Amino acid sequence: MVYEKIFVRVAVEFSKSGGIIPLKFWWKDGREIYIDKIIIRESAPCRSAGILMQRFTVKILGLERFIYYDKEKEIWFVERLI
């Protein structure tokens, strides 16, 4: 399977301990996508490049999805199967 990165703008909150909590992101067409729940936060490879990133497994409208944060480049992205 082949995935592509889709870079997104993300609204975040910072926890008292300094952790990043993504709240919502904006899709490339301008739609706001709200994150209902963060299920897991872990260091894991993205499917499109295999590079270790901060991966959040989240619930969006009842579905589990991944959103990634690249700490080195300070960018957020999601992946889409192509």
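The values are calculated or read from the model by the stated rules, or taken from the named source; none is laboratory data. Everything numeric here is computed off the predicted structure, so don't read it as measured data. So basically every Cβ, Gly included, is an ideal-geometry build from the backbone, and we count neighbours across all protein chains shown.
Working only within the range 39-54, note down all residues that are in a strand (DSSP E or B) and touching an Asp or Glu at 6+ places or on another chain (Cβ under 6 Å). Before the answer, list the steps.
First, pick out the residues of the range 39-54 that are in a strand (DSSP E or B): 39-45, 52-54.
The one that is in a strand (DSSP E or B) and touching an Asp or Glu at 6+ places or on another chain (Cβ under 6 Å): 53.
Hey, can you tell me all the residues within the range 2-18 that are surrounded by 12 or more Cβ atoms within 10 Å (Cβ to Cβ) and without any contact (Cβ under 8 Å) to a residue 24 or more places away in the chain?
Listed by number, the residues that qualify are 11, 12.
Checking residue 75 against (1) without any contact (Cβ under 8 Å) to a residue 12 or more places away in the chain; (2) surrounded by 13 or more Cβ atoms within 10 Å (Cβ to Cβ), which single condition isn't satisfied?
(1)
Filter the range 18-38 for residues that are assigned to a loop (DSSP other than H, G, I, E, B) and under 12 Å from the mean Cα position of the chain (by Cα); which is modelled with the highest pLDDT? First the steps, then the outcome.
So in the range 18-38, the residues assigned to a loop (DSSP other than H, G, I, E, B) come out as 18-19, 27-31, 35-36.
Narrowing the set further to residues that are under 12 Å from the mean Cα position of the chain (by Cα) leaves 27, 35.
Numbers: 27: 92, 35: 98.
This residue is 35.
Would you pick out the residues in the range 43-56 that are in contact with a strand residue (DSSP E or B) (Cβ under 6 Å, 6 or more places away or on another chain) and either of a type in the set (Gly, Ala, Ser) or modelled with pLDDT of 95 or more (or both)?
Within the range 43-56, 43, 44, 48, 54, 55, 56 meet the criteria.
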